[in-house]
1. Using Cα pairs under 8 angstrom and six or more residues apart, how large is the relative contact order of the stretch 143-214, in percent?
2. Fewest first, what order do 130, 47 take by the number of other Cβ atoms within 10 Å?
3. To check my understanding: the extent here is largest minus smallest coordinate of the Cα atoms along each principal axis. What are those three numbers for the stretch 100-214, in Å, largest first?
4. Please compute the modelled spin-label separation between residue 206 and residue 92, points set 7 Å along Cα→Cβ, answer in nm with one decimal.
5. By per-residue mean of other Cβ atoms within 10 Å, what is the highest-first order of 56-67, 183-194?
6. Express in nm, to one decimal, how much length is gained between residue 72 and residue 121 on full extension, taking 0.36 nm for each residue of separation and deducting their alpha carbon distance.
7. Between residue 214 and residue 51, what is the label-point separation in nm under the 7 Å Cα-to-beta-carbon projection?
8. Find how much the distance from residue 192 to residue 133 grows on full extension, using 0.36 nm per residue of separation minus their present alpha carbon separation; answer in nm with one decimal.
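None of the figures in this text is laboratory data; all of them are computed from the coordinates on show. Treat the numbers as computed from the prediction; the structure is a model and nothing was measured. FYI the Cβ positions are ideal-geometry reconstructions off the backbone, even for glycines, and counts take in every protein chain you see.
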């Protein structure tokens, strides 16, 4: 008789424990799911359509959030559609010959004139961990916190553009914030296009459209 009561009690406890364990398991799974979602980096893809072909770029919104957000506000406001690549710096055409670089540079639609948004703080490569490598997208600037809308793409690795590099006299480098994921052949074609004095493309290469695709 004692054994029967104990068995009944044991079975009761077993049924009580099972739902509790399932509940804990579900909570853990849900918690892990939320954590994984929060930690997953969201990198924005942008398609740039030029007269020489398409260039697809990925913005590193995780490591360079300020610069990426600045680029996107110009994009979303339509500034880059109708813009153009106006500069190609090559080893054979640069005005300054002490620190050579290879980049192509673009800006907004000339119809906007000087319209735009306030300049942004420089996100140094020392802090972002990004580097100016082949296909890197970065912001042009004068002083450390003067970048606005003009950007450039690297052809080959360009360490002189990183923090501590010699290209800019202040040694602060430039704000890398993305990379080309498709269309480097178009980038190289623009790079090899004819230039006049001071690295100016002649004629400039038009950007017919720029839009988010992810």
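1. 16
2. With the fewest neighbours first, 130, 47 line up as 47, 130.
3. 37, 34, 31
4. The modelled label-to-label distance comes out at 2.8 nm.
5. 56-67, 183-194
6. 16.1 nm
7. Once both label points are built, they end up 3.0 nm from each other.
8. Answer, rounded to one decimal: 19.4 nm.
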